[in-house]
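J.: Pasting in a structure now, in structure tokens, and then I'll have a few things to ask.
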Amino acid sequence: MIHVLIDTCVWFKLAEDHQHTPLLQVVSGAVALGKMKLIVPTQVVDEFNRNRARVAKAADKSLSGHIREVRKAVMKVGGDKKKTQMVLAHLAEVNHKLPQLGRPIEQTLDEIEKLLDEAVAVPPSDAVMRRAAERALRLAAPCQRVNKNSIADAVVFETYSEVVGAGLARDRFAFVTDNHHDFSAEDHFKLPHPDIASRFSKIKSMYFVSLAECLRKIDPSFVSEVEWFALREKPRGISELLKEHEILRDRLWYGHHKYHEWEISKGKVKLVTKQEWDTLMNKNHRNHSKYTVDGAWKLGQAAAKRLEKKHGLENLGPWTDFDWGMMNGKLSAIRWMLGDEWDMLDL
């Protein structure tokens, strides 16, 4: 069991940044499994409740609106056309991904609040308040910046120190913050500031500026779990969808073409001139399945040659019935993602 104090700024980062949000599920799991116990000073709870609405409101601002303004600015400035198109294409990519990133911030904030509520809040003792005030008066970390009131940070740190001091010999502790401006050494942000370094060690009381690193230290198996969450959160880009769409479309078209070629070779479909085709269609429109215009067939043969050169014969079949079903299903799904209706499989 390791006792971990997670600073308020880290909790909010889990909610604001979709790349960090998956770590919240790992924290919840570690707590539920008894691998980790949270140290929650009342200052952390108060600061979370005080700033929750502000963080939620800021996250709800439409990034799409900002992207539209940036697009307008890029188009207005102009310049090299190739570079401009690259920037606009990347903005379109970002805009496409926005709805897929993360989950509603309120849901994440609710989960954080639940974790904080379930932990036993630690109120500051008189000794903690006195030591925090002394730090502020001496301008000692985390109160070394004269233009910032960091007394609350000092209270959080002294509360952590008091909990560590009251712990059993076998207990281990960790302090996690990304406020390295106040807590970390100036020349190495992963190390604690010299004013507080004596309170930390490599085993008993550890200092982290990364929650992921802390979780890995608690249990190495969390490494793969965190990586899995991170991979799961990454949406497909529109350029990737378009590339796969092109490959699937070409393979399916080529397969249909080769089947049509077989029908012609077996006499199931006959080649006719355009004039003959018009006459046959006027007699019975169902004749379209029995005849092919010779000029159109020549264009199809040329297109098939281009695809063979583009993809290589080994990547154009032949396909089993299962392969055909999978390719059609993938093409339908991609086209739906790109705005078409379901089962739009025209080639």
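J.: Hey, Arg145 hits all of (1) modelled with pLDDT under 95; (2) in contact with a His (Cβ under 6 Å, 6 or more places away or on another chain) but one; which does it fall short on?
T.: Evaluating Arg145 over (1) modelled with pLDDT under 95; (2) in contact with a His (Cβ under 6 Å, 6 or more places away or on another chain) leaves (2) as the failure.
J.: Just need a number here: residues in region 276-296 that are of a type outside the set (A, V, I, L, M, F, W, C), part of a helix (DSSP H, G or I) and surrounded by 11 or more Cβ atoms within 10 Å (Cβ to Cβ).
T.: Step one: of region 276-296, the residues of a type outside the set (A, V, I, L, M, F, W, C) are 276, 278-279, 282-292, 294-295.
When the remaining residues are screened for being part of a helix (DSSP H, G or I), the result is 276, 278-279, 282-283, 285-289, 294-295.
From what's left, surrounded by 11 or more Cβ atoms within 10 Å (Cβ to Cβ): 276, 278-279, 287-288, 294-295.
Qualifying residue count, region 276-296: 7.
J.: Picking from Glu314, Glu341, which residue would you name as being part of a loop (DSSP other than H, G, I, E, B) and exposed (fewer than 14 other Cβ atoms within 10 Å of the Cβ)?
T.: Working: Glu314 fails: part of a loop (DSSP other than H, G, I, E, B).
Of Glu314, Glu341, the one residue that is part of a loop (DSSP other than H, G, I, E, B) and exposed (fewer than 14 other Cβ atoms within 10 Å of the Cβ) is Glu341.
J.: Kindly check whether there is at least one residue in region 43-66 that is of a type in the set (Val, Ile, Thr), in a loop (DSSP other than H, G, I, E, B) and either modelled with pLDDT of 80 or more or under 24 Å from Glu118 (Cα atoms) (or both).
T.: Within region 43-66, the first condition is being of a type in the set (Val, Ile, Thr), and the residues that meet it are 44-45, 55.
Cutting the leftovers down to in a loop (DSSP other than H, G, I, E, B) gives us none.
Looking for residues that are of a type in the set (Val, Ile, Thr), in a loop (DSSP other than H, G, I, E, B) and either modelled with pLDDT of 80 or more or under 24 Å from Glu118 (Cα atoms) (or both), one finds none in region 43-66, hence no.
J.: So which pairs qualify, if the first residue must be in region 282-294 and within 9 Å of Lys270 (Cα to Cα) and outside the structural domain of Val269 (by TED's automatic domain parsing), the second must be modelled with pLDDT of 90 or more and not polar (S, T, N, Q), the Cβ gap must be under 8 Å, and the two must be at least 6 apart or on different chains?
T.: Sorted first by the residue in region 282-294, then by its partner, the list stays empty.
J.: Hey, can you tell me all the residues within region 171-199 that are out of contact with any helix residue (DSSP H, G or I) (no Cβ under 9 Å at 6 or more places or on another chain), part of a loop (DSSP other than H, G, I, E, B) and modelled with pLDDT of 95 or more?
T.: Passing the criteria: only Pro194.
J.: Among the residues that make up region 144-165, is at least one of them touching a residue at least 40 places away in the same chain (Cβ under 8 Å) and not in a helix (DSSP H, G or I)?
T.: yes
J.: Do we find that Trp262 is in a helix (DSSP H, G or I), at pLDDT 90 or above, of a type in the set (Phe, Trp, Tyr) and loosely packed, with under 12 Cβ neighbours inside 10 Å in this structure? Break it down stepwise before answering.
T.: Details: in a helix (DSSP H, G or I): yes; at pLDDT 90 or above: yes; of a type in the set (Phe, Trp, Tyr): yes; loosely packed, with under 12 Cβ neighbours inside 10 Å: yes.
Against the criterion (in a helix (DSSP H, G or I), at pLDDT 90 or above, of a type in the set (Phe, Trp, Tyr) and loosely packed, with under 12 Cβ neighbours inside 10 Å), Trp262 qualifies.
J.: Now, a different point. Residue check, Asp126 against (1) loosely packed, with under 12 Cβ neighbours inside 10 Å; (2) touching a residue at least 40 places away in the same chain (Cβ under 8 Å); (3) not hydroxyl-bearing (Ser, Thr, Tyr), all met but one. Which one?
T.: Result: Asp126 passes all but (2).
J.: To continue, here is another question. Considering only region 3-55, how many residues are aliphatic (A, V, I, L, M) and more than 22 Å from Pro123 (Cβ to Cβ)? First the steps, then the outcome.
T.: Of region 3-55, the ones aliphatic (A, V, I, L, M) are 4-6, 10, 14-15, 23-24, 26-27, 30-33, 36, 38-40, 44-45, 53, 55.
Pick out the ones that are also more than 22 Å from Pro123 (Cβ to Cβ) and you get 14-15, 23-24, 26-27, 30, 32-33, 53, 55.
Here the count works out to 11.
J.: Identify, by number, the condition in (1) at pLDDT 95 or above; (2) closer than 30 Å to Gln25 by Cβ; (3) assigned to a helix (DSSP H, G or I) that Glu106 doesn't meet.
T.: (1)
J.: If I ask for residues that are outside any helix (DSSP H, G or I) and surrounded by 18 or more Cβ atoms within 10 Å (Cβ to Cβ), which ones from region 200-213 would you list? Walk me through how you get there before you give the answer.
T.: The initial filter retains those residues of region 200-213 that are outside any helix (DSSP H, G or I), namely 200-210.
Those that are outside any helix (DSSP H, G or I) and surrounded by 18 or more Cβ atoms within 10 Å (Cβ to Cβ): Phe200, Ser205, Met206, Tyr207, Phe208, Val209.
J.: Can you tell me which residue is surrounded by the fewest Cβ atoms within 10 Å (Cβ to Cβ) among those in region 172-196 that are closer than 26 Å to Asp219 by Cβ and among the small types (Gly, Ala, Ser)?
T.: Here the residue is Ser184.
The values are calculated or read from the model by the stated rules, or taken from the named source; none is laboratory data. Quick caveat, the model's predicted, so the values are computed rather than measured. We place every Cβ from the backbone using ideal geometry, glycine too, and count neighbours over all the protein chains shown.
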